[in-house]
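The values are calculated or read from the model by the stated rules, or taken from the named source; none is laboratory data. All values reported here derive from a predicted model rather than from experimental measurement. Cβ: placed from backbone, ideal geometry, glycine included. Neighbour counts: every protein chain shown.
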Amino acid sequence: MSEATLKTAILRIRRGLLNEVARYHDYNVPYEEGMSVLDALRWIRANRDSTLAIRYSCINANACKTCMALVNGEVEYTCIARLTPDIIIVEPLPKRPLIRDLVTDTVPDDEKL
């Protein structure tokens, strides 16, 4: 495939820490039919910005449900949310304490020591 025919998607990702003013960063990622938003996030970490904080454990820990984020305003598993060749806005879960970037505290308050 020539470079002229490569499709791209843009992920607009909320970056930052708790108590910081939200800032968004756009990343152009290669797009292929069937890719998930998690595929794109992992591509960004491996190829563009290793400081992007994301959470997923399905690959190494054989666990699920840790990759949840707000994708275009909807709570989604990023491993299931499909990438499209458009602008996709990815933000942390809205009702969870923010740790950094897309990582939120997922431990229920009554289980914290």
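If Ser50 satisfies all but one of (1) modelled with pLDDT of 90 or more; (2) touching a strand residue (DSSP E or B) at 6+ places or on another chain (Cβ under 6 Å), what's the number of the condition it fails?
(2)
Determine if the range 59-71 includes at least one residue that is in a loop (DSSP other than H, G, I, E, B), modelled with pLDDT of 90 or more and either more than 10 Å from the chain's Cα centre (by Cα) or among the aliphatic types (A, V, I, L, M) (or both).
Among the residues of the range 59-71, not one is in a loop (DSSP other than H, G, I, E, B), modelled with pLDDT of 90 or more and either more than 10 Å from the chain's Cα centre (by Cα) or among the aliphatic types (A, V, I, L, M) (or both), which makes the answer no.
Going by the conditions given, is Leu11 of a type outside the set (Lys, Arg), part of a loop (DSSP other than H, G, I, E, B) and under 10 Å from the mean Cα position of the chain (by Cα)?
no
What are the pairs with Cβ atoms under 6 angstrom where one residue, in the range 30-52, is surrounded by 11 or more Cβ atoms within 10 Å (Cβ to Cβ) and the other, located anywhere, is in a helix (DSSP H, G or I)? Sequence gap at least six, or different chains.
The qualifying pairs are Leu52/Ile44; Leu52/Arg45.
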